[in-house]
Amino acid sequence: MRITKGLEPIEEVTAFAERHKIPLLRSGAVSSRAIALITSFLQDRLAPETTIHGVLVEMHGLGVLIRGESGIGKSECALDLVARGHRLISDDSVRIKSLGGTLVGSSNEITAGFLEIRGLGIINVRELFGVASVRSSKELSVCIEFRRSEEQMEGDRFGLEMETEEICGSRLPKYSLPVRPGRNLASLVETAVKVYMLRCEGSDAAKEVLERHSRALASEGKVAS
């Protein structure tokens, strides 16, 4: 039960709440504001939640989840991305909640704003790159998974079909990138995010190439006949 606008509950209401062990909330806010605050609070506290191993960064306004086995280069890639102007949200451990079907990622209070880099130890991203280089949480838009180059990569090479990653019952678009010495992971991640953004706007390079190829074959067939 809730009472808004700073009104005092009448004795009958208080007695009823105590008798039936019902929480009685009193707020000075107007009803619409109080309902919105309570709904947001309960949604956050009761939402499905999980913690996964990975790195979360914000790039071009999108939440990008980077996954892969330990030591594959996720944190080093995140450091390079932050140096290029993107923002760190969480390193190593990403807390994810499903809020109304939307996945929202954040860091825990202990490691927020820090990166662990092999050979350097733990670095304070906020102090090194400024307050604008970090943020507390972000809606997840796409997942990028790093895989060893010797692993068998499933799926088509042209990228006609988008992979997905299931988290808390929701499907997240995913790109799988093979990792090997000499590959610029930060540039690959930036490119993957831009490809995803174009794909959301209806542009698909793989389909365009195949359509051009089909038209070329059709033209050759007409000439031969």
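Remark on Val134: its backbone amide H falls under 5 Å from those of Leu88, a criterion applied only to residues 5 or more positions apart or on other chains, H modelled at 1.01 Å from N.
Label point 7 Å out from Arg33 along Cα-to-Cβ: which residues of the range 1-16 have amide N under 16 Å? What the label zone holds, given the 16 Å backbone N cut-off, is 3-7. Relative to its residue count, the range 62-124 spans a Cα convex hull of 93 Å³ per residue. Summarising the amide proton neighbourhood of Ser176: residues at separation of 5 or more, or on other chains, whose placed amide H is nearer than 5 Å comprise Glu145. Between the residues Ala15, Thr39, Ser27, the greatest Cα displacement towards the positive end of the dipole of the range 2-46, with unit charges on the Cβ of Lys, Arg, Asp and Glu, is found for Thr39. Counting only DSSP beta bridges whose two residues both lie in the chain, roughly 70 percent are antiparallel. When the chain is treated as a GNM with alpha-carbon contacts under 10 Å, the residue of Ala17, Ala29, Ala83 showing the greatest mean-square fluctuation is Ala17. Cβ-to-Cβ counts within 10 Å put Asp91, Asp44, Asp80 in ascending order as Asp44, Asp80, Asp91, the fewest first. Once each of the GluC sites (Glu not before Pro) sitting in a DSSP loop with at most 11 other beta-carbon atoms within 10 Å is removed, the chain keeps 1-108 as its longest stretch. For q values of 0.13 Å⁻¹, compute log₁₀ I(q)/I(0) with the Debye formula on a Cα-only model of the chain, without solvent. Ignoring solvent entirely, the Cα scatterers give -0.85.
Shape index of the range 2-46: Rg/Rh, with Rg the Cα radius of gyration and Rh the Kirkwood radius from the inverse mean 1/r over Cα pairs, equals 1.03. Applying 1/(1 + (r/R0)^6) with R0 = 45 Å to the Cβ-Cβ distance of Thr50 and Leu128 gives a FRET efficiency near 0.90. The magnitude of the dipole of the chain, with charges of +1 and -1 set on the Cβ of Lys/Arg and Asp/Glu and taken from the Cα centre, is near 380 debye.
Coordinate-derived values only; no laboratory data. All of these numbers come straight from a predicted model, not from anything done at the bench. FYI the Cβ positions are ideal-geometry reconstructions off the backbone, even for glycines, and counts take in every protein chain you see.
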